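Asks: What follows is a structure written as structure tokens; I'll ask about it next.
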Amino acid sequence: MKKKLVHVGVAVKDLSASVATFSKLLGLTEVPIETVADQKVRLAFFHTGCASIELTEPTSPDSPIAKFIAKRGEGVHHLSFEVDDIRAELARLKSEGFELVDEEPRRGAGGYLIAFVHPRSTNGVLIEISEKIGTGGH
Ligand code: ZN
């Protein structure tokens, strides 16, 4: 199955400040912000020519992003690859011995189903597998 790198997730402490920084960096002003309640995060997407940049701010101390920042500081958090069939891809990865954080896909931002592959099995890089299920930017 073909995989396309659709975004790079960056963990940030202060979304407004980071949006200002990345807006200046990339010369972009229209930046959609979304909240994903079940991950306890707020997100801003910067659409570049190819993969987007996803800034992710925790909205609660028990958010996975808050834990990541506490342990490793702000910075690159995950790579997101889009596939046509997320369930088939998760089954394939599992059969190849990858450690799945999510056996079942769940709803992410931007009209996507998402699931994570544990960084223990991918050289320390958290991998997000996603499948587009609706409209909306990513
Ligand atoms: Zn992501």
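Asks: Run down S130, S95, S121 and say which single residue is within 11 Å of the ligand (Cβ to nearest atom) and either over 22 Å from S60 (Cβ atoms) or among the small types (G, A, S) (or both).
Replies: S130
Asks: Scan region 2-44 for residues that are charged (D, E, K, R) and not in a loop (DSSP other than H, G, I, E, B) and report the count.
Replies: Of the residues in region 2-44, 5 are charged (D, E, K, R) and not in a loop (DSSP other than H, G, I, E, B).
Asks: Among the residues of region 9-24, is any under 19 Å from G124 (Cα atoms), at pLDDT 95 or above, more than 11 Å from the ligand (Cβ to nearest atom) and not hydrophobic (A, V, I, L, M, F, W, C)?
Replies: The answer is no; no qualifying residue exists.
Asks: Filter region 1-43 down to residues that are touching a residue at least 24 places away in the same chain (Cβ under 8 Å) and among the small types (G, A, S) and give me whichever is nearest to Y112 (Cα to Cα).
Replies: Within region 1-43, the match that is nearest to Y112 (Cα to Cα) is G9.
Asks: Within region 102-109, can one find any residue that is touching an Asp or Glu at 6+ places or on another chain (Cβ under 6 Å) and assigned to a loop (DSSP other than H, G, I, E, B)?
Replies: Yes: region 102-109 contains one or more residues that are touching an Asp or Glu at 6+ places or on another chain (Cβ under 6 Å) and assigned to a loop (DSSP other than H, G, I, E, B).
Asks: Taking only region 17-43 into account, find how many residues are surrounded by 15 or more Cβ atoms within 10 Å (Cβ to Cβ) and within 28 Å of R106 (Cβ to Cβ).
Replies: So the count comes out to 11.
Asks: When both residues are 6+ apart or on different chains and their Cβ atoms are under 8 Å apart, which pairs have a first residue that lies in region 66-79 and is in contact (Cβ under 8 Å) with a residue 60 or more places away in the chain, and a second that is more than 14 Å from the ligand (Cβ to nearest atom)?
Replies: E74/K13
Asks: Restricting attention to region 51-64, which residues are in a loop (DSSP other than H, G, I, E, B) and within 15 Å of the ligand (Cβ to nearest atom)?
Replies: The answer is A51, S63.
Asks: Let me ask something additional. Based on what the data block shows, is D102 over 25 Å from S18 (Cβ atoms) and either of a type in the set (F, W, Y) or in contact (Cβ under 8 Å) with a residue 24 or more places away in the chain (or both)?
Replies: no
Asks: Suppose we filter region 80-97 for residues that are surrounded by fewer than 17 Cβ atoms within 10 Å (Cβ to Cβ) and not small (G, A, S); how many remain?
Replies: 6
The values are calculated or read from the model by the stated rules, or taken from the named source; none is laboratory data. Only a predicted model underlies this, so the values are computations on that prediction, with no experimental measurement involved. For neighbour counting, all protein chains shown are included, and Cβ atoms are generated from backbone atoms with ideal geometry for every residue, glycine included.
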